[in-house]
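**Student:** Below are the C-alpha cells for one structure; questions will follow.
The values are calculated or read from the model by the stated rules, or taken from the named source; none is laboratory data. It should be emphasised that the depicted structure is a prediction, and the values quoted were computed from it without experimental measurement. Methodologically, a virtual Cβ is constructed for each residue, glycine included, from the backbone with ideal geometry; neighbour enumeration extends over all protein chains shown.
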Amino acid sequence: MVRPPAFEELDHTADLALLIRGATLPELFVNAARAMFAQMTDQEPGQPAVKRRVRVTGIDVESLLVAWLNELLFLSETKREVYSGFQIHSLSARELRATVKGGPSAELDLLIKSATFHNLTVEAGPEGFQATVVLDV
Amino acid sequence: MVTMSTFRRVDECVWEIPREHQADMRVPARIFASEPLLEAALGDKSVEQLINTACLPGVVRYALAMPDIHQGYGPPIGGVVAMSLKDGVLSPGAVGYDINCGVRLVRSSLAADQVRPLMADLVDAIYSRVPSGVGRGGDISLSRKEMDDLLERGSAWAVARGYGTQEDLQHTEENGQMEAARPSAVSRKAKERGTDQLGTLGAGNHFIELGEVKEVYDADVAGAFGLFPGQLVVWVHSGSRGLGHQVCDDYVQSLQSAVQKYSIKLPDRELVCAPFYSDEGQQYLAAMAGAANFAWANRQVLMVRVQRVLRELLAPRFGRFDLALVYDIAHNIAKVEEHVVDGKPMRVVVHRKGATRSLGPGRPELPEAYRAAGQPVLVPGDMGTGSYVLVGTSAAADKSFSSTCHGAGRVMSRHAVKRQVRGEDVQRSLELKGIFVRGPWKGLAEEAPDAYKDIDSVVDVVDRAGLARRVARVVPMGVIKG
C-alpha cells in the first residue's frame, strides 16, 4: 500500500497552506518542520554542523504546533541556519522539547514570516495524525 | 454559504451583508466592489472572513472590505474594522504579521526617457546595493540601546543618523512615529530578529520600482504632489521585517489565553484579541507601534540607499537633480482615530489590513503643502501593469473610516501560479515590454502579473465609491524584488 505523502502544499490565495501527516503526534511535528524547511530551501542537507535545543509551550496541541514552527523560524532567521534533523524528546498538550540539527543556510528560496492560527487543525484518525497549517509568506 | 444573492446592493459600488445573515454578527458587512470583483471575491474564503470580523466585540458601524479583497488569515486582506475603545478589542490578526507593511513614493526632477536607456544598469546597481535581508542580514547592526531608541522614534531615528531630512518626516504618515510605542513591550526575540534587518527589503511582494508617470488625471493635485507627466519616480514597498513578524506572533500566541480570560468567543483563532484598555491590549498596542516605527525607519533607510545609488549613477550625466519623498503610507496597522458613529464623534481603533488611510482636504494630519489637496494615497499594482497615485477624500471619513484600497490584490495562490509560470519566463516577458526585473526566480514566479487582480478595476471602484480620487498612473520601468 502506498503511504500518502508526509506533507503537501494546498492552495491559498496569498499565503502558504500545508497539509501534514504523521503516524504519531511527534512524527507529525517533525513532518511539519520538514515541510516548512522544504519550502524555504532546495538546499540538500549536508552533514549537520549545529545542534540546537528547543523548548516551546502552548495552551493546546494546535498552539504548540504554531509555537514549534515559529521557534524554528526564529532560530533560522537569527542564526542564519536551516534544519533537517528533528528529534522530539517530549510532547505533551502544553510543552514540547526537541533537538534540531542543521547548518548554515545559503540564499533562501522563500521567506516565511510566521506560522498562523488560520485554518489550523490537528486531528487524529485511523491512519495517524493530520494537520493543516497556513504560513504567512 | 455566501452567494451573490446574500448581498444587498446599497450603492453603485457598495454591497452589504445584513447583520441578520449570521447570528453572531454585531454589525453588517460591506464590500466596496464592482459586480465582477464581488464575484471574484466569492472565489475564496475572503467574504466569510469579513463576516467573522463583524463578530468582534465593540465593532462599530460596518465591517468593511476594499475592492482588492482576498483571503488572508483572520480578516481578509483589504479589511477595515473599527472598534470602540470602551468595549472594543485590539486584534493583532486584524493588523497582520507584517506590521506597517507600506509604501512610499519618491519624485524626481528627471524625465523617465532620460534614464530609460540606463534602466538595466540602474536595476542591477540597486539590486546589488540594497540588501534583501533574506537568509542573511543587512549591513546595519543595532545595539540594544539603538534598537530601543529606534522603536520609540521611528523615521526620526534614521534622519538623526543622516538618512534623509526633516521634510521626509512631514511627508510620512504619523510623521513616521507612533507615540504609543514602548520598547519594553517588544520582546527580546523580536528585537533579536530585527537587529540586522534595518535597511533591508524583505521578500514576497516587497519591491523597489523605478517608474514613469504615464498619465495625469488631476493636474492641480498632481502639481501639489510634485508630479508631472513623463516623470521618473521611485516606489519603495516594505515593512517591519522579522521584528514585526515576531511581535505579531508573540501577541497572537499570548492572547490565546486572554480570550479565555475575557470570555471572548472567536470564529477564527487568528482573530485573537483583547479589550483595548486591558493590560494585554495596551501591551500589544505599544509593541505594534514600536514595530510600525521600525518599518518607517526601514523605509526611510531603504529610500536613502536608493537615492544614493541613483545620484551616484545619474549625477555624472545629468548634474544635480531632485529626489524627494512625496509620501509614505502604512497599509497594515491599527490606529486610534476619531470618527462619527451614530451621529456623534467617537474615538475608535481602526484596524487596516491591506487598506490605506484616505484623508481629504483640510486635515491637520497632513503637511501644509498637501492640506488644500488631500492626502496622497499610494496604490502599487503588479510588476507588469503599473500603480496609481490617488488623493484622499472627505467622503471616505463617513463611508469607510477614512480608508481605501492598498493594491491590486491577489487572485491566484502562489502554489497555483508557480505551476503555471516560471520566474525566468516572467522576467523575459516583462523585458519584452521594456520592464527590467531583478529578483530570485521563485519570487518572480509567485509575483507574476497573472497572480493579481486588475488594478485598474480596483482603483475604478474606489474612485466611483468616493473613497479616493485618481491623480496619476505610473508604469514600471525597472523592478527590484527581494
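**Student:** Could you say whether any residue in the stretch B:79-100 is assigned to a loop (DSSP other than H, G, I, E, B), among the aromatic types (F, W, Y) and either within 14 Å of chain A (Cβ to nearest Cβ) or out of contact with any Leu (no Cβ under 9 Å at 6 or more places or on another chain) (or both)? Let's see the steps before the verdict.
**Tutor:** Kept after step one, since they are assigned to a loop (DSSP other than H, G, I, E, B), are these residues of the stretch B:79-100: B:85-88, B:91, B:95-100.
From what's left, among the aromatic types (F, W, Y): B:97.
Okay, now just the ones that are also either within 14 Å of chain A (Cβ to nearest Cβ) or out of contact with any Leu (no Cβ under 9 Å at 6 or more places or on another chain) (or both), so B:97.
Taking every residue of the stretch B:79-100 in turn, at least one turns out to be assigned to a loop (DSSP other than H, G, I, E, B), among the aromatic types (F, W, Y) and either within 14 Å of chain A (Cβ to nearest Cβ) or out of contact with any Leu (no Cβ under 9 Å at 6 or more places or on another chain) (or both).
**Student:** A follow-up question, please. Within the stretch A:91-110, does at least one residue satisfy the condition of being within 26 Å of B:G423 (Cβ to Cβ), of a type in the set (A, V, I, L, M), out of contact with any helix residue (DSSP H, G or I) (no Cβ under 6 Å at 6 or more places or on another chain) and within 13 Å of another protein chain (Cβ to nearest Cβ)?
**Tutor:** There is at least one residue in the stretch A:91-110 that is within 26 Å of B:G423 (Cβ to Cβ), of a type in the set (A, V, I, L, M), out of contact with any helix residue (DSSP H, G or I) (no Cβ under 6 Å at 6 or more places or on another chain) and within 13 Å of another protein chain (Cβ to nearest Cβ).
**Student:** Looking only at residues that are within 15 Å of the chain's Cα centre (by Cα) and in a strand (DSSP E or B) in the stretch A:101-114, which one is surrounded by the fewest Cβ atoms within 10 Å (Cβ to Cβ)?
**Tutor:** A:K101
**Student:** Considering every residue within the stretch B:61-68, establish whether at least one is more than 20 Å from B:T356 (Cβ to Cβ) and over 22 Å from the mean Cα position of the chain (by Cα).
**Tutor:** No, every residue in the stretch B:61-68 fails to be more than 20 Å from B:T356 (Cβ to Cβ) and over 22 Å from the mean Cα position of the chain (by Cα).
**Student:** Restricting attention to the stretch B:120-148, and to residues there that are in a loop (DSSP other than H, G, I, E, B) and exposed (fewer than 15 other Cβ atoms within 10 Å of the Cβ), which single residue is nearest to the other protein chains (Cβ to nearest Cβ)?
**Tutor:** Our first condition is that a residue be in a loop (DSSP other than H, G, I, E, B); within the stretch B:120-148, this holds for B:130-143.
With the extra rule that they be exposed (fewer than 15 other Cβ atoms within 10 Å of the Cβ), the set shrinks to B:139, B:141, B:143.
Values: B:D139: 14, B:S141: 12, B:S143: 16 Å.
So, considering only residues that are in a loop (DSSP other than H, G, I, E, B) and exposed (fewer than 15 other Cβ atoms within 10 Å of the Cβ), the one nearest to the other protein chains (Cβ to nearest Cβ) is B:S141.
**Student:** Please specify each residue of the stretch B:58-78 satisfying the condition of being farther than 26 Å from A:T121 by Cα and outside any strand (DSSP E or B).
**Tutor:** B:G58, B:V60, B:R61, B:Y62
**Student:** Looking at the stretch B:361-380, is at least one residue at pLDDT below 95, part of a helix (DSSP H, G or I) and either within 14 Å of another protein chain (Cβ to nearest Cβ) or more than 11 Å from B:A468 (Cα to Cα) (or both)?
**Tutor:** The answer is no, given that none of the residues of the stretch B:361-380 is at pLDDT below 95, part of a helix (DSSP H, G or I) and either within 14 Å of another protein chain (Cβ to nearest Cβ) or more than 11 Å from B:A468 (Cα to Cα) (or both).
**Student:** A:E71 - would you say it is acidic (D, E), within 11 Å of the chain's Cα centre (by Cα) and within 13 Å of another protein chain (Cβ to nearest Cβ)? Break it down into steps so the answer makes sense when it comes.
**Tutor:** On the way: acidic (D, E): yes; within 11 Å of the chain's Cα centre (by Cα): yes; within 13 Å of another protein chain (Cβ to nearest Cβ): yes.
When the stated conditions are applied, A:E71 passes them.
**Student:** Can you tell me which of (1) under 25 Å from A:L65 (Cβ atoms); (2) part of a helix (DSSP H, G or I); (3) in contact (Cβ under 8 Å) with a residue 24 or more places away in the chain is the one B:A258 doesn't meet?
**Tutor:** (3)
**Student:** Please work out which one of (1) more than 10 Å from the chain's Cα centre (by Cα); (2) modelled with pLDDT of 95 or more is the condition A:G46 fails and give its number.
**Tutor:** Status for A:G46: all satisfied but (2).
**Student:** State which residue is nearest to the other protein chains (Cβ to nearest Cβ) when the search covers only the stretch A:115-125 and only residues that are part of a strand (DSSP E or B) and modelled with pLDDT of 90 or more. Give the steps one after another, and end with the answer.
**Tutor:** From the stretch A:115-125, those part of a strand (DSSP E or B) are A:115, A:121-125; that's our starting set.
Narrowing further to those that are modelled with pLDDT of 90 or more: A:115, A:121-124.
Numbers: A:A115: 8, A:T121: 11, A:V122: 12, A:E123: 15, A:A124: 19 Å.
The selected residue is A:A115.
**Student:** For the structure I just gave you, tell me whether B:A23 is more than 14 Å from every other protein chain (Cβ to nearest Cβ), in a loop (DSSP other than H, G, I, E, B) and among the small types (G, A, S).
**Tutor:** Yes: the conditions hold for B:A23.
**Student:** Next question. Quick check on my filter: what residues within the stretch B:196-228 are in contact with a strand residue (DSSP E or B) (Cβ under 6 Å, 6 or more places away or on another chain), β-branched (V, I, T) and either free of Cβ contacts under 8 Å to residues at least 40 places away in the same chain or closer than 28 Å to B:I77 by Cα (or both)?
**Tutor:** Those that are in contact with a strand residue (DSSP E or B) (Cβ under 6 Å, 6 or more places away or on another chain), β-branched (V, I, T) and either free of Cβ contacts under 8 Å to residues at least 40 places away in the same chain or closer than 28 Å to B:I77 by Cα (or both): B:I208, B:V213.
**Student:** Moving on to the next point. Given B:L85, B:L38, B:L50, which one is surrounded by fewer than 24 Cβ atoms within 10 Å (Cβ to Cβ), in contact with a helix residue (DSSP H, G or I) (Cβ under 9 Å, 6 or more places away or on another chain), modelled with pLDDT of 95 or more and among the hydrophobic types (A, V, I, L, M, F, W, C)?
**Tutor:** The match here is B:L38.
**Student:** Quick check on A:E77: is it within 9 Å of chain B (Cβ to nearest Cβ), surrounded by 14 or more Cβ atoms within 10 Å (Cβ to Cβ) and not hydroxyl-bearing (S, T, Y)?
**Tutor:** It is true that A:E77 is within 9 Å of chain B (Cβ to nearest Cβ), surrounded by 14 or more Cβ atoms within 10 Å (Cβ to Cβ) and not hydroxyl-bearing (S, T, Y).
**Student:** Still on this model: Restricting to the stretch A:126-137, and then to whatever is of a type in the set (A, V, I, L, M) and at the interface with another protein chain (Cβ under 7 Å from one of its Cβ atoms), can you tell me which residue is nearest to A:S76 (Cα to Cα)?
**Tutor:** Out of the qualifying residues, it is A:V137.
**Student:** I've got another one for you. Go through the stretch B:220-266 and count every residue that is within 14 Å of chain A (Cβ to nearest Cβ) and surrounded by 24 or more Cβ atoms within 10 Å (Cβ to Cβ).
**Tutor:** Within the stretch B:220-266, residues that are within 14 Å of chain A (Cβ to nearest Cβ) and surrounded by 24 or more Cβ atoms within 10 Å (Cβ to Cβ) number 15.
**Student:** Among the numbered conditions (1) surrounded by 18 or more Cβ atoms within 10 Å (Cβ to Cβ); (2) in a strand (DSSP E or B), tell me where B:K214 comes up short.
**Tutor:** (1)
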